[in-house]
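So the structure is just underneath, and the comments pick up after that.
Bear in mind that the values in this text are calculations on the coordinates, not laboratory data. Bear in mind the structure is a predicted one, so any value in this text is a computation, not a measurement. Neighbour counts run over all protein chains shown; Cβ positions are idealised from the backbone, glycine included.
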Amino acid sequence: FNFKNKINNKKKQYDFIFYIRKHNNKGNQFFIDLIKILSEKNYKICVIGQKLNIKKNVIYKGIVSRKKALRLIAVSKYSLGSFENLFSFFVLDCLSNNLKVFFNKNFKIDKKLIKTNLLIPIDFYNLKKSLKSIDNLTKNKNLNTLEFKKLNFSSFFSQ
């Protein structure tokens, strides 16, 4: 995975993009509840993957190729990381397209390796608290920053 942070000047079509996949480890109920509330607050939402039964302000794209997912990510402002994996390919694609990504606060980020305001911790176990954090951040128009230290793993397994 060759990670490069792209300057993305495309007009933003969606406020949020979600990747929903039916799986027990994905913590989908939190995402579904969050999408319902965000859509009621008139945020424009794009969902790739599984279709949900929410109609207001939600566009479903279904299962898409990575190329199409990257195009949809490029025209979005915010995303959510999955419940069980902070650095999934979806999250890495969102970060490389300069999206702010809300993630499960139980993950710890080494500030020596990654300095960014693109990764925002929220409480995946407290929907009300998470919504307050999301609302506050979406009103704040800070410039996005991302710096990461490149590590050499070529000698990782040598003794």
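Give me, ordered by chain and number, the residues 5 or more places off VAL64 or on other chains with an amide H under 5 Å from its own placed amide H.
So VAL64 has HN proximity to GLY49.
Quick check: residue separation of LYS12 and SER133 times 0.36 nm, minus the Cα distance between them. What number comes out in nm? The partial results should precede the final answer.
Working: separation 121, 0.36 × 121 = 43.56 nm, distance 2.11 nm.
Gain in length upon complete extension: 41.5 nm.
Please work out how much length the chain gains when fully extended from TYR60 to GLU40, using 0.36 nm per residue of separation minus the C-alpha to C-alpha distance, in nm with one decimal. All intermediate terms of the calculation are to be shown ahead of the outcome.
On the way: separation 20, 0.36 × 20 = 7.20 nm, distance 1.62 nm.
Length gained between TYR60 and GLU40: 5.6 nm.
Given H placed 1.01 Å from N in the peptide plane, which residues other than close sequence neighbours of TYR78 have an amide H under 5 Å from its amide H?
Correct list: PHE16, ILE17.
Plugging the Kirkwood radius over Cα pairs into Stokes-Einstein for segment 14-71, at a temperature of 37 °C and a viscosity of 0.692 mPa s, what D comes out in µm²/s? Please report the intermediate quantities before stating the final value.
Working: Rh = 11.6 Å.
Diffusion coefficient, whole number: 283 µm²/s.
Note down the nm distance, to one decimal, between modelled labels 7 Å out along Cα→Cβ at ARG71 and at LYS105.
3.8 nm
Looking only at Cα atoms, what is the convex hull volume of segment 55-136 per residue, in Å³? Numbers along the way, then the final one.
Working: hull volume 9.9 nm³, N = 82.
That works out to 121 Å³ per residue.
Calculate one ³J(HN,Hα) per residue across segment 95-102 by plugging θ = phi - 60° into the Karplus curve 6.51 cos²θ - 1.76 cosθ + 1.60, and present them in order as whole Hz with x for glycine and proline.
Result, rounded to whole Hz: 5, 5, 9, 6, 8, 7, 10, 7.
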